[in-house]
Amino acid sequence: MLIGLLGVAAALAAGHLVAAFIDPNASPFLAVGNAAIDLTPAWLKEFAVTAFGTADKLVLLTGMGAFLVVVAAVAGLLSRRSPIPGTALAAVLGVAAVAAVFSRSDLGQLASLAPLASLVAGVMTFRRLHAAALGVQEADSGPHGVERRKFLQGAVGVAVGAGIAGVAGQLIGTRVDVEGSRATVTRRLAKFRDGTTVAGADFAQDGTPTYLTKNENFYRIDTALSVPRLTAEGWSLRIHGLVGRELTLDFDDVMAMDLITRTITMTCVSDDVGGPYISTAQFTGVPLRDLLAKVGVKDGADQVFSTSTDGYTAGSPLEVIMDPSRNAMLAVGMNGEALPPEHGFPARLVVPGLYGYVSATKWVTDIELTTFGAKTQYWVPRGYSEKAPIKTESRIDSPRGLGSVPAGKVVVAGIAWAQTKGIAKVELQMDGGPWQEADLAVQPTKEAWRMWRRSYQLRPGSHTVVVRATDATGYTQTADVADPVPDGATGLHSVVFTTA
Ligand SMILES: Nc1nc2c(c(=O)[nH]1)N[C@H]1C(S)=C(S)[C@@H](COP(=O)(O)O)O[C@H]1N2
Ligand SMILES: [Mo]
């Protein structure tokens with residue numbers, strides 16, 4: 001068992017160290033994890049997001065680690081006499097890691113050196129220690145214990161070597177100074193303030209979220225097991241495809257353009273009715289239509305296809321991006337500072353009114369003008385729709401579901417959203433009674449959510465309240481229940497609570 005575990009440790013550490021010099025994502029453990037995420041079908045992704053939320057990545061990595069420990073121990077046990085089972089396991093895991101690296105569009109061919117290093121280190125370590133252990137068995141009858149000492153030295157050597165290689169790989173792989181680069185960008189963004197006043201735009205004292213979400217509280221959804229480490233100085237964006245003149249911009253080129261700041265509510269398609277994956281920030285960036293004007297979009301293009309440095313892709317309708325009344329942007333700032341690394345530093349897309357998966361590419365490095373017929377974005381083969389405008393929805397934040405509040409005056413409060421249309425009306429139904437209008441907070445922009453509240457006099461007991469929103473086009477959110485797959489959940493949020 002010990003030899004099996006040491007073999008796996010040596011393999012992972014060797015691969016991690018080699019990957020540090022090529023691409024940290026080529027590290028076999030991460031590459032296999034990322035490939036597993038790519039293979040995840042829509043239903044499993046929805047389950048993971050619902051069950052574990054943003055901890056889904058930790059769950060995956062922990063599961064993989066436990067799996068490796070078990071198979072390594074079992075392979076070691078099966079190798080009591082012959083080294084073949086352990087060798088075979090090391091080879092199979094190594095080949096799986098090579099396949100995982102090849103499957104990732106963000107990793108070049110050179111990256112396969114990392115899993116190859118793992119394969120060699122795993123097989124060699126296992127066979128050497130195994131031979132040494134057999135030597136111990138044979139010599140056990142003898143008096144000196146020389147073989148035993150040799151084996152123990154080898155085992156300790158492997159453990160220490162793997163530890164050093166692993167730590168060195170980690171230090172080298174994360175040597176890029178992301179925080180230094182962010183601090184510089186934050187300073188450069190200081191002069192871009194938003195004109196929007198947000199006073200009176202929330203009912204936070206009654207339990208709604210604050211109108212602007214703090215960066216550290218902003219929901220996070222992505223497929224990246226390790227957050228890409230880019231700097232503004234090293235970043236560039238290529239715009240190409242059906243364009244008159246291809247263009248590659250660096251960060252200074254972006255900062256030299258006319259930057260705008262807009263308050264935008266982002267929403268994830270995976271949000272269940274009443275769910276948490278919605279947040280609002282003031283984003284600073286360049287309007288995408290200004291960028292596209294520079295390259296000259298050719299007739300026939302209908303899709304703006306964006307790619308992240310980690311290979312993630314999203315496709316948005318060209319007409320939405322070009323819509324002059326909508327602030328689709330290449331964002332570089334969030335709530336007055338550089339984008340946090342988890343939210344796409346140094347640059348990402350934000351398109352008001354579209355779910356994140358079809359629009360909001362983080363760590364974006366490539367924009368291609370193309371057609372929906374020619375290119376398919378990341379989530380579409382995994383069961384989601386090609387086009388996904390945000391649906392008119394609402395959520396009750398207070399009282400909490402199954403919560404208890406004092407009887408008497410009870411304020412029911414929450415959020416409603418219909419980005420780019422705006423919210424015109426929110427109605428509540430208390431205990432099966434008539435629909436009654438809630439008070440609305442001011443709505444500084446139609447690209448963000450709108451808060452609402454209404455107070456009731458309630459007797460002690462159990463109560464059920466239901467909410468529905470009507471947007472500025474006159475459409476009232478449907479009561480029909482739909483899952484997040486393929487293009488966003490629908491249904492009415494209701495909350496059961498007690499008053500005492
Ligand atoms: N590179 C990359 N960008 C991405 C994703 C991703 O997995 N990788 N996920 C998208 C999805 S599904 C959503 S909802 C938004 C979430 O952005 P946030 O994490 O900043 O809230 O990012 C989008 N951009
Ligand atoms: Mo999402």
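Read-outs: derived from the displayed coordinates by stated rules, not from any lab. Nothing here was measured: the structure is a model prediction, and the numbers come from that model. Neighbour counts run over all protein chains shown; Cβ positions are idealised from the backbone, glycine included.
Structure notes:
- Computed lengthening from LYS191 to ALA91, 0.36 nm per intervening residue step minus Cα-Cα distance: 30.4 nm
- When only Cα pairs below 8 angstrom with a gap of at least 6 residues are kept, the chain shows a relative contact order of 14 percent.
- Computed over region 393-499, the ratio Rg/Rh where both radii use C-alpha atoms and Rh is Kirkwood: 0.98
- DSSP-defined beta bridges in the chain - what % are antiparallel, rounded to 5: 90
- Residue by residue, region 177-182 carries 3J(HN,Hα) couplings of 8, 5, 5, x, 5, 4 Hz when phi is fed to the Karplus relation 6.51 cos²θ - 1.76 cosθ + 1.60 (θ = phi - 60°); x denotes Gly or Pro.
- FRET E, pair GLU216, ALA55, Förster distance 22 Å, beta-carbon r, rounded to 0.05: 0.90
- Amide H contacts under 5 Å for LYS425, placed H, 5+ residues apart: THR470
- Here the chain is treated as an ellipsoid with the same Cα gyration tensor; its semi-axes, largest first and in whole Å, are 49, 30, 19.
- The simple Förster model, with R0 at 41 Å and r as the Cβ-Cβ distance, assigns GLU246 and ILE172 a FRET efficiency of 0.75.
- If you plug the beta carbon distance of GLU233 and VAL120 into 1/(1 + (r/R0)^6) with R0 = 45 Å, you get a FRET efficiency near 0.80.
- Karplus 3J(HN,Hα) series, Hz, for region 364-378 with 6.51 cos²θ - 1.76 cosθ + 1.60 (x for Gly, Pro): 6, 10, 8, 10, 10, 8, 8, 10, 5, x, 8, 9, 10, 7, 3
- Over the chain: helical MRE at 222 nm, DSSP H runs n ≥ 4 each giving -39500 (n - 2.57), nearest 500: -11500 deg cm²/dmol
- Trypsin sites (Lys or Arg not before Pro), loop per DSSP, at most 13 other Cβ atoms within 10 Å - longest free stretch of the chain: 299-399
- Within region 301-321, backbone nitrogen closer than 16 Å to the virtual label 7 Å beyond the Cα of ASP38 toward Cβ: 307-314
- Top positive-direction residue, dipole computed over the chain with Cβ charges, set PHE21, LEU171, PHE47: LEU171
- Charge sum, other residues only, whose C-beta stays under 14 Å from VAL158's C-beta, Lys/Arg counted +1 and Asp/Glu -1: +3
- Length gained on full extension, SER82 to ALA66, computed as 0.36 nm times the residue gap minus the Cα-Cα distance: 3.3 nm.
- Selection from GLY108, GLY86, VAL59, by position along the positive dipole direction of region 51-131 (Cβ): GLY86
- Viscosity 1.306 mPa s, temperature 10 °C, Stokes-Einstein D of region 263-390 from Kirkwood C-alpha radius, µm²/s: 108
- Taking label positions 7 Å along the Cα-Cβ direction at both THR476 and ALA159, the computed distance is 6.9 nm, reported to one decimal.
- Restraint check, LYS409/LYS446; LYS214/LYS362; LYS45/LYS425; LYS298/LYS375, Cα-Cα greater than 23 Å: LYS409/LYS446; LYS45/LYS425
- Couplings 3J(HN,Hα) of region 437-443, computed from phi: 6, 8, 6, 9, 6, 5, 10 Hz, in residue order, whole Hz [Karplus 6.51 cos²θ - 1.76 cosθ + 1.60, θ = phi - 60°; x for Gly and Pro].
- The distance from the alpha carbon centre of region 262-313 to that of region 148-225 is 22 Å, rounded to a whole number.
- Sorted fewest first by neighbouring Cβ atoms within 10 angstrom, HIS16, HIS463, HIS343, HIS240 come out as HIS240, HIS463, HIS343, HIS16.
- Residues SER118, SER279, ranked from the fewest to the most other C-beta atoms within 10 Å, line up as SER279, SER118.
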